[in-house]
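Take a look at the structure set out below.
Each reported figure results from applying straightforward, stated rules to the coordinates on display, with no laboratory input. Values in this document were obtained by computation on a predicted structure and should not be read as measured data. Every residue, glycine as well, gets a Cβ built from its backbone with ideal geometry; the counts of neighbours run over all protein chains shown.
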């Protein structure tokens with residue numbers, strides 16, 4: 001699969017006008033990172049889709065088209081943005097808890113634990129009955145069969161994945177459920193009059209578009225970041241009790257404001273309802289059903305704000321027995337056969353993940369693309385819209401691209417290798433060095449109007 005064919009697929013799934021594709025050009029070639037998977041095509045196509053959707057929304061407001069160019073090297077750097085983040089020229093950010101990783105089980109299988117949140121770590125240690133020490137965890141896991149431990153941890157609401165072959169994954173009911181789905185969905189969920197974009201303040205594609213970003217870690221926040229870099233006003237909403245990973249708050253908080261709202265109490269829910277009434281996009285990455293229990297499911301939000309574009313991001317998809325299972329990019333790679341495929345190609349003893357959080361980043365860009373495609377439909381057709389993306393559907397798509405023989409032998413890319421792709425900005429965290437937006441638009445370049453800010457730095461209000 002080449003970037004242009006992958007972009008054609010994204011564009012056709014969204015039923016966008018094919019003539020716009022003539023405005024896009026790609027440069028660069030694979031492999032750009034050590035992997036047998038065509039991560040470069042995935043990165044280039046999803047980022048190009050986002051850039052082209054922004055250009056088309058700008059054309060809708062102004063009548064002026066523009067060229068969109070994506071270089072694979074830039075796209076791959078963007079897909080590793082959290083790895084290249086530096087604060088005051090300090091060391092690389094710590095992104096993982098030491099217990100997170102692969103472990104061999106009693107029956108010779110491998111399982112991956114994901115313990116980057118303290119409550120997930122404590123839950124795993126309780127199930128295993130051991131101390132917070134990697135050697136102790138490894139010893140405890142050697143007393144379990146892999147499938148039994150995988151199911152036990154899932155039943156406890158914890159984060160792990162048995163390492164499966166692609167064939168084992170395909171045989172599961174969950175894989176069968178998402179195999180019947182398109183890459184993403186954009187569906188009308190309510191009636192509302194058309195809302196053409198304002199012709200005022202048209203210096204940026206998404207000027208005047210208000211986005212509520214109720215997401216954490218990578219996929220959802222990347223979607224909000226992508227909307228911000230094209231001019232949307234993005235307000236991050238965090239709960240006061242919810243954990244975060246500090247470097248990701250900085251990397252994915254660029255261009256956004258940040259407020260704290262507690263949805264566990266009625267005052268917090270009313271605050272969110274007030275914000276929603278004046279929003280254009282409601283982006284959320286909670287597990288399916290979690291926000292609906294608080295009164296903020298897609299149909300609820302469409303009643304609060306007719307004409308809303310509601311964007312849902314989840315791990316394993318919205319159908320099937322794993323729809324509510326907790327998951328992260330690396331776990332989806334492990335469960336779906338990606339990690340084992342990389343291991344078999346490269347030959348290490350342990351499973352091996354992709355050289356970037358490709359499912360997270362690609363899903364984030366697809367979510368941003370879907371939001372802009374739905375805003376365009378709203379402008380011409382009216383209606384409220386629901387965009388649905390998942391890491392597992394993105395992973396399935398990547399696996400369909402085919403593989404690069406010996407691609408794992410490609411050299412890794414260090415921060416020094418991409419120094420020309422980094423920007424520096426002063427923030428309350430210090431001097432932040434981070435990856436520039438990858439898509440290049442001829443007339444409305446993507447950039448971040450705001451530096452990253454700490455969680456809760458702003459009032460829960462629109463500017």
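A straight line joining the Cα centroids of the range 8-52 and the range 305-371 runs 18 Å. Compared with the dominant principal axis of the Cα atoms in the chain, helix 39-62 is inclined by about 20°. Can you tell me how much longer the chain between residue 122 and residue 426 gets when fully stretched, taken as 0.36 nm per residue apart minus their C-alpha distance, in nm with one decimal? So the chain would gain 105.8 nm between residue 122 and residue 426.
Fewest first, what order do 218, 111, 47, 87 take by the number of other Cβ atoms within 10 Å? Present the calculation step by step, with values, prior to reporting the outcome.
Details: 218 27, 111 23, 47 31, 87 17.
By the 10 Å Cβ count, ascending: 87, 111, 218, 47.
The long axis of helix 146-155 is offset from the longest Cα principal axis of the chain by roughly 50 degrees.
Relative contact order for the chain: what is it in percent, counting Cα pairs under 8 Å that are at least 6 residues apart?
26
Quickly estimate the mean residue ellipticity at 222 nm for the chain, helices only: each DSSP H run with n ≥ 4 gives -39500 (n - 2.57), and the total goes over all residues, rounded to 500. Estimated from H runs of four or more residues: -11000 deg cm²/dmol. FRET efficiency for the pair residue 403 and residue 139, taken as 1/(1 + (r/R0)^6) with r the Cβ-Cβ distance and R0 = 35 Å, rounds to 0.45. Listed by Cβ neighbour count within 10 Å, with the fewest neighbours leading, 427, 81 appear as 427, 81. Angle of helix 3-13 to the longest C-alpha principal axis of the chain, folded into 0 to 90 degrees and rounded to 10: 70°. Rounded, prolate or oblate: pick one for the range 314-415, where a ≥ b ≥ c are the square roots of the eigenvalues of its C-alpha gyration tensor, a/c under 1.5 means rounded, and failing that, prolate if a/b is larger than b/c, else oblate. The shape class here is prolate. Tell me whether the range 358-463 comes out rounded, prolate or oblate; compute the Cα gyration tensor, take square roots of the eigenvalues as a ≥ b ≥ c, and use a/c under 1.5 as the rounded threshold. Cα axes put the range 358-463 in the oblate bin.
If a/c stays under 1.5 just call it rounded; otherwise compare a/b with b/c (prolate if a/b is bigger, oblate if not). Do that for the range 131-208, with a ≥ b ≥ c from the square roots of the Cα gyration tensor eigenvalues. Could the numbers behind the result be given before it?
On the way: a/c = 3.79, a/b = 2.21, b/c = 1.72.
Prolate is the answer for the range 131-208, as a/c is 1.5 or above and a/b outweighs b/c.
From least to most packed, judged by other beta carbons within 10 angstrom and beginning with the fewest, 447, 117, 282 follow the order 447, 117, 282.
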